[in-house]
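Undergrad: Quick one: this structure, given as C-alpha cells, is what I'll be asking you about.
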Amino acid sequence: MALLEVENLSTSFYTYAGEVQSVSGVSFHVDEGEAVGIVGESGCGKSVTVQSIMRLIPNPPGKIKNGQIRLAGRDLVRLPEKEMQKIRGKEIGMIFQDPMTSLNPVLTIGRQMTEVLQHHEGIGKNEALGRAAKYLTMVGISNPERRLKQYPHEFSGGMRQRVMIAMALLCNPKLLIADEPTTALDVTIQAQILELMKDLKDKVNTSIILITHDLGVVAGLCSRIIVMYGGKIVEMGSTQDIFKDPRHPYTWGLLKSVPRLDASKRSKLVPIVGSPPDLLNPPKGCGFAARCPHAMKICETQPPAYTDLNEKHRAACWLLHPDAPKVTFNGIDEK
Ligand code: SF4
Ligand code: MG
C-alpha cells in the first residue's frame, strides 16, 4: 500500500530575475516499508522535492505552486504549519548531508534526543533518556550512557551521522528522508553508514527516500529508483530495470559515471558533458536535449511524454516513440 503519494508537484522560487521552476509536474509514490532512491546531479530538483514533502520550502522566495502530497491519505500541502510541526520529526524523520548543521553545538546529545521525545511524545526525562540510549546502541554507538552526556564536537563525522540517524528514528517515523546522508563522509565511513541503513531498514519498518547524486549508493538499499533531471522525473523503475535496462540517455550517462568499487572491473568513467538546464528559462522541448548525444529535431521543440515500459518502469524520451531510430544503451565499458 502506498504510504506517500506525490501527484503533479511543482515548486518554484521567485527571484528578482524571474520564476525558477525547480520542480515541475513530479509524480511518484512510496509504499509502506519500501526504500526508494532519487538520483540526479545537483540542481536537478531532488532536494526541493523532499523539502516540499516536509514543507520546508522557504516562502518567500519559494512556493509549492501545484500538486498534492499525501502521507497516509492526508494532503500535506494544505495542512496548517502547526499540524506540519507535529508531523516533522514524528511521522517523517530526516537525515541531512551535514549533521553539524542540524545538531545544536551547545547542547548535549542526550538533551537533544530527549527534547525530541518530550516534544512529540510527552514522555518523562528518564524514560526518554532510556529510549535515547537504546537507539544509540541500535546505530552502533557503544557506551550510550556516557555518549549522551557529550556534545556534538566530541563525535567524529561518521558517529555524528549515526546520532542523526538515531534521532530521526526515535519516534518511529512512517517515513525516513535521507538527503545525501553520506556525501560529507569519507569512503570507508560512507560504506559503514550505508550498511547501517540497510540493517536498520530490515529492523524498523520505515519507508525510506534516499537522495543521492551517486547511483552506486542506492543500489544496495533501494528497490526502486527515480531519476530526476531539470526538475522533472525522466525515468523511474525497479533497481533491476534501471541498472539492466535503462531507457533514458541521462540515466545512461549517470550509469557510465558511477565509479566501480571492484577494481578488477574498473570501468572507464565517462562524465556527462555540459551543464544542467537553466530553470529560469526552461528549455521548450526535452530538458536534456542540449547534452544528449542522441537528440533529434523534435527534442528541441516538444517535451517527450512518458512511455510505460512495465508496471513500475517508465521513461520520458523521444527515442521510445515507435518511429524513432533504434538506439540502446550499450552497457558500461568493462575494459
Ligand atoms: Fe535525448 Fe531527445 Fe530523449 Fe531528450 S528526448 S533524452 S534529447 S533523445
Ligand atoms: Mg541537494
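Undergrad: Looking only at the range 171-184, which residues are without any contact (Cβ under 8 Å) to a residue 60 or more places away in the chain and surrounded by fewer than 22 Cβ atoms within 10 Å (Cβ to Cβ)?
TA: We begin by selecting, within the range 171-184, every residue without any contact (Cβ under 8 Å) to a residue 60 or more places away in the chain; these are 172, 182.
Answer for the range 171-184, where residues must be without any contact (Cβ under 8 Å) to a residue 60 or more places away in the chain and surrounded by fewer than 22 Cβ atoms within 10 Å (Cβ to Cβ): just Asn172.
Undergrad: While we're on this one: Condition first: of a type in the set (Gly, Ala, Ser) and more than 14 Å from Leu175 (Cα to Cα). Now tell me which residues in the range 62-101 satisfy that. So that I can check it myself, show each step before the final result.
TA: Taking the range 62-101 and keeping what is of a type in the set (Gly, Ala, Ser), we get 62, 67, 72-73, 89, 93.
Selection gives Gly62, Gly67.
Undergrad: Among the residues of the range 95-116, what is the count of those that are assigned to a helix (DSSP H, G or I) and modelled with pLDDT of 80 or more?
TA: So the answer is 9.
Undergrad: With among the aliphatic types (A, V, I, L, M), under 27 Å from Pro276 (Cβ atoms) and in contact (Cβ under 8 Å) with a residue 60 or more places away in the chain as the only criterion, which of Val163, Val227, Val139, Val187 stands out?
TA: Details: Val163 fails: under 27 Å from Pro276 (Cβ atoms); Val139 fails: under 27 Å from Pro276 (Cβ atoms); Val187 fails: in contact (Cβ under 8 Å) with a residue 60 or more places away in the chain.
Exactly one residue qualifies, and that residue is Val227.
Undergrad: Another question, then. I want to confirm something. Restricting to the range 39-82 and keeping residues that are in contact with an Asp or Glu (Cβ under 9 Å, 6 or more places away or on another chain) and β-branched (Val, Ile, Thr), which single residue is farthest from Gln97 (Cα to Cα)?
TA: Ile69
Undergrad: Further, regarding this structure: Looking at (1) touching a residue at least 12 places away in the same chain (Cβ under 8 Å); (2) at positive phi, which is the one condition that is false for Pro105?
TA: Unmet for Pro105, out of (1) touching a residue at least 12 places away in the same chain (Cβ under 8 Å); (2) at positive phi: (2).
Undergrad: Any idea which of (1) in contact (Cβ under 8 Å) with a residue 12 or more places away in the chain; (2) part of a loop (DSSP other than H, G, I, E, B); (3) surrounded by fewer than 17 Cβ atoms within 10 Å (Cβ to Cβ) is the one Lys198 doesn't satisfy?
TA: Going through (1) in contact (Cβ under 8 Å) with a residue 12 or more places away in the chain; (2) part of a loop (DSSP other than H, G, I, E, B); (3) surrounded by fewer than 17 Cβ atoms within 10 Å (Cβ to Cβ) one by one, Lys198 breaks only (2).
Undergrad: Also, quick follow-up: Can you pull out the helices (runs of 4 or more DSSP H) entirely within the range 207-319 that have at least 2 residues that are at pLDDT 95 or above and away from ligand 1 (no atom under 12 Å from the Cβ)?
TA: The helices (runs of 4 or more DSSP H) meeting that bar are 239-244.
Undergrad: Now, a different point. Does Gly89 satisfy the condition of being of a type outside the set (Asp, Glu) and touching a Cys at 6+ places or on another chain (Cβ under 9 Å)?
TA: So Gly89 passes the test.
Yes/no matrix, rows are residues, columns are (1) free of Cβ contacts under 8 Å to residues at least 60 places away in the same chain; (2) over 23 Å from the mean Cα position of the chain (by Cα); (3) more than 16 Å from ligand 2 (Cβ to nearest atom); (4) within 26 Å of Glu34 (Cα to Cα):
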position: Lys63; (1), (2), (3), (4): yes, no, yes, no
position: Gln68; (1), (2), (3), (4): no, no, yes, yes
position: Leu79; (1), (2), (3), (4): yes, no, yes, yes
position: Met84; (1), (2), (3), (4): yes, no, yes, yes
position: Thr101; (1), (2), (3), (4): yes, no, no, no
position: Lys125; (1), (2), (3), (4): yes, yes, yes, no
position: Ala128; (1), (2), (3), (4): yes, yes, yes, no
position: Gln150; (1), (2), (3), (4): yes, yes, yes, no
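Undergrad: Out of (1) surrounded by fewer than 18 Cβ atoms within 10 Å (Cβ to Cβ); (2) part of a loop (DSSP other than H, G, I, E, B); (3) not hydroxyl-bearing (Ser, Thr, Tyr), what's the single condition that is false for Ile141?
TA: The single condition Ile141 does not satisfy is (1).
Undergrad: Where residues in the range 29-59 are farther than 17 Å from Thr212 by Cα and part of a strand (DSSP E or B), which of them is farthest from ligand 1 (Cβ to nearest atom)?
TA: Among those residues, the one meeting the criterion is Asp31.
The values are calculated or read from the model by the stated rules, or taken from the named source; none is laboratory data. Fair warning: this is a prediction, and the values are worked out from it, not measured in the lab. No Cβ is skipped: glycine too gets one built from the backbone with ideal geometry, and neighbour counts run over all protein chains shown.
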